[in-house]
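Reading through the structure tokens given below for one structure.
The values are calculated or read from the model by the stated rules, or taken from the named source; none is laboratory data. Note that the structure is a prediction, hence the values are computed from the model and not measured. In this analysis, Cβ positions are derived from the backbone assuming ideal geometry, glycine residues included, and neighbour counts consider all displayed protein chains. Heavy atoms of the whole protein, side chains included, go into the accessibility calculation; ligands, DNA and RNA do not. Shrake-Rupley method; radii C 1.70, N 1.55, O 1.52, S 1.80 Å.
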Amino acid sequence: IRFEHLIKAFTMETSNVNNPDSIRREIYKCAKKVIKENVLFGVGLGDQDDALFKQYRYDNLKKAARNKMNTHNQYLEIWISSGLIALLLFILSLLVSVFLSYLHKDYYYFAFITLISLCLLTENILSRQVGVLFFAFFNSLFAFNQANKEDAVFINARFLTKKVTGVQRFACEISTELIR
């Protein structure tokens, strides 16, 4: 639904100050102007908001300037603050995670990285502490899980549901030794 609204706002001829997606389109235009002036190295970490607000005032986007709206796009935010090189490194890190998750057949991690990458198109998730904590926690959880999979030994312990005979006792002893 979010992408549907965005597409509708971007295909409209005129902007509507009461339509959040229309405002978002104008914000993206301002971000593009700021990027044009600082393509490679950006305006600097911490200075992206000031540069964007200055552009809002210059383009007469009163609501965006008054509410101090950010870019609502993590990729644009990185490009404005740190430049094209940092943006490419960030995208490369996401692509490496996608590639490794697919290579290791870790489809949950693949889905997580893909979903986060799509969400970064419409929100500045990593510009807030809670977003950084969320991403860092789950990304490291999946990444460490990937690293430990090669060392893991999986045991089908259905033998524990049966009456204990020689076969079940042998399976228990072997499992105990493997764990040690």
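Within the stretch 3-48, the set of residues being in a loop (DSSP other than H, G, I, E, B) and modelled with pLDDT under 80 comprises 12, 13, 14, 15, 16, 17, 18, 19. Evaluating residue 73 against the criteria (1) under 27 Å from residue 4 (Cα atoms); (2) open to solvent by 40 Å² or more (accessible area, probe 1.4 Å) leaves one unmet condition, (2). The set of residues in the stretch 142-160 that are loosely packed, with under 12 Cβ neighbours inside 10 Å and modelled with pLDDT of 80 or more is empty. For the stretch 35-51, which residues satisfy the criterion of being touching an Asp or Glu at 6+ places or on another chain (Cβ under 9 Å) and among the hydrophobic types (A, V, I, L, M, F, W, C)? Within the stretch 35-51, 43, 51 qualify.
Taking the stretch 56-75 as the range and being within 22 Å of residue 86 (Cα to Cα) and modelled with pLDDT under 85 as the test, the residues that pass are 70, 71, 72. Against the list (1) in contact with a Ser or Thr (Cβ under 9 Å, 6 or more places away or on another chain); (2) modelled with pLDDT of 80 or more, the condition residue 165 fails is (1). Number of residues in the stretch 85-144 that are among the small types (Gly, Ala, Ser) and closer than 28 Å to residue 5 by Cα: the value is 4.
Can you name every residue in the stretch 76-93 that is surrounded by 17 or more Cβ atoms within 10 Å (Cβ to Cβ) and not charged (D, E, K, R)?
Kept after step one, since they are surrounded by 17 or more Cβ atoms within 10 Å (Cβ to Cβ), are these residues of the stretch 76-93: 76-83, 87, 90.
Within the stretch 76-93, 76, 78, 79, 80, 81, 82, 83, 87, 90 qualify.
Scanning the stretch 107-129 for residues that are touching a residue at least 24 places away in the same chain (Cβ under 8 Å), out of contact with any Asp or Glu (no Cβ under 7 Å at 6 or more places or on another chain), assigned to a helix (DSSP H, G or I) and surrounded by 16 or more Cβ atoms within 10 Å (Cβ to Cβ) turns up 109, 112, 113, 125, 126.
The condition (being part of a helix (DSSP H, G or I) and over 28 Å from residue 29 (Cβ atoms)) is satisfied by just one residue among 64, 143, 86: 143. Can we say residue 32 is over 21 Å from residue 118 (Cβ atoms) and more than 18 Å from the chain's Cα centre (by Cα)? No, not satisfied. Can you tell me which residue in the stretch 39-62 is farthest from residue 121 (Cα to Cα), limited to those that are in contact with a Phe, Trp or Tyr (Cβ under 9 Å, 6 or more places away or on another chain) and open to solvent by 40 Å² or more (accessible area, probe 1.4 Å)? Here the residue is 62.
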